[in-house]
Amino acid sequence: MKRLALVALLLGACVTPSDASRTAPPRLTTSPSSQLATPGVERTVSFPDCDARTIPGALPACELLQVAVDRDVFVGVLRRSSAAGLTYEARAIDLRSGETRELRQLGETELLIEDVGDAVVLLRETEDLGAGDAHVSLLRVPWRDPAQTETLDEIDLTGLKGGDTWNPWPYARTNGRDVVWLHAAGLFGPHEIILLGPNGPRRTVLTTDKPAYFDIDDAGRVAVATFSADRAKQELQLYDGRLRQLGSRGADVGGYVVSFADAVGWVRGFGTVRPPTEIELISVSGGQPRTARAETGCILIGATAKDVATVCSGGVRLIDAAGGAVRDGPAARIALAFRRGLLWRTSADLTTNPEVWRLTPL
């Protein structure tokens, strides 16, 4: 799975802390960005001091490596290159005030955005230990007050593989209150999917020694797709204090899951061999499942809070998860879908400055 927000180019074991621990407070900056417009309308977003064009023909001095957006915030991971090596930092732009906050200061440990929901940013710090081993720290960062950053988990991963192989990263998801993530148990123990509420305690959704795909909705319900013991089937379950079965299908047509208000979306495919084009929508309150299909020549790129997001030759198309109505999104073939917004850019944007994104709030 991945991260749910996927880039679409249409051409083609460990110690678990008993409580979340505080980390050192990062520095706060308050430099408004003149590029921001009135909240609720389309605008461009960037960090002006990060420009990939600074060293033509060489590794850029700064790259906006990863981005995410939610209702009031744009988050980015910046990677800087110098003679001393690579460093990473995470920043957030308040979309209402234009202020920029430093979520994680410049350091050599690789940073990744796991998810963003309301006031919460989930970051993953990864220390590469070599030979397929890594140490991972999962951080919960209140982006309005980064000094209150908490370490949710410390995980030692072994035997990581490359390519499209599924690896037991945290794959953390949040609805802004609850957080759900995968706690890997090493080479031989079962992995644990953990659900943490805003004030605790931690609960185990399920354990498995096979690949798992999950998401969380605004009510704190966790949808989980796991493989059967013989790996012949993929089974979809919903956790709302207890596990209950929602569906089952052959492993060859398995896929990742996304959550909507009253439904779980179960994609046909993982996007590794070819981009998916179908998603089964299963009501959590009963009723017959139905299938949403991307239009001919279009592919799925993820989901918003209400829509299945697809991209076509003419741009983004959004399929309403509740009623099936289809409407146009931005006229771009490079797009990322998040719960409350779309990030996108055109081919011309990439030529002008690849570190600038356009934002369409939803």
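Throughout, read-outs are computed from the coordinates displayed, never taken from laboratory work. Values in this document were obtained by computation on a predicted structure and should not be read as measured data. Neighbour counts run over all protein chains shown; Cβ positions are idealised from the backbone, glycine included.
Structural remarks
- Ascending count of other beta-carbon atoms within 10 Å, so fewest first, for C312, C50: C312, C50
- Ellipticity estimate at 222 nm from DSSP helix runs (n ≥ 4, -39,500 (n - 2.57)) divided over the chain, nearest 500: -500 deg cm²/dmol
- Cα gyration tensor category, rounded, prolate or oblate, for the range 252-294 with a/c compared to 1.5: prolate
- Cα coordinate range in the chain, projected on the principal axes (Å, largest first): 52, 47, 38
- Using θ = phi - 60° and Karplus 6.51 cos²θ - 1.76 cosθ + 1.60, couplings along the range 153-166 (whole Hz; Gly, Pro as x): 7, 10, 10, 9, 9, 10, x, 5, 10, x, x, 8, 4, 6
- Scaled against the 2.2 N^0.38 Å expected of a compact globular protein of N residues, the Cα radius of gyration of the range 280-362 reads 1.18.
- For A223, neighbours were defined as the other residues whose beta-carbon sits under 9 Å from its Cβ, and their charges (Lys and Arg +1, Asp and Glu -1) total -1.
- Note, ³J(HN,Hα) from phi for the range 189-194, Karplus 6.51, -1.76, 1.60, rounded to Hz, x at Gly and Pro: x, x, 6, 10, 8, 10
- Remark: the range 270-280, residue by residue, has Karplus-estimated 3J(HN,Hα) of 10, x, 8, 7, 8, x, x, 10, 10, 9, 8 Hz, where x stands for each Gly or Pro and the curve is 6.51 cos²θ - 1.76 cosθ + 1.60 at θ = phi - 60°.
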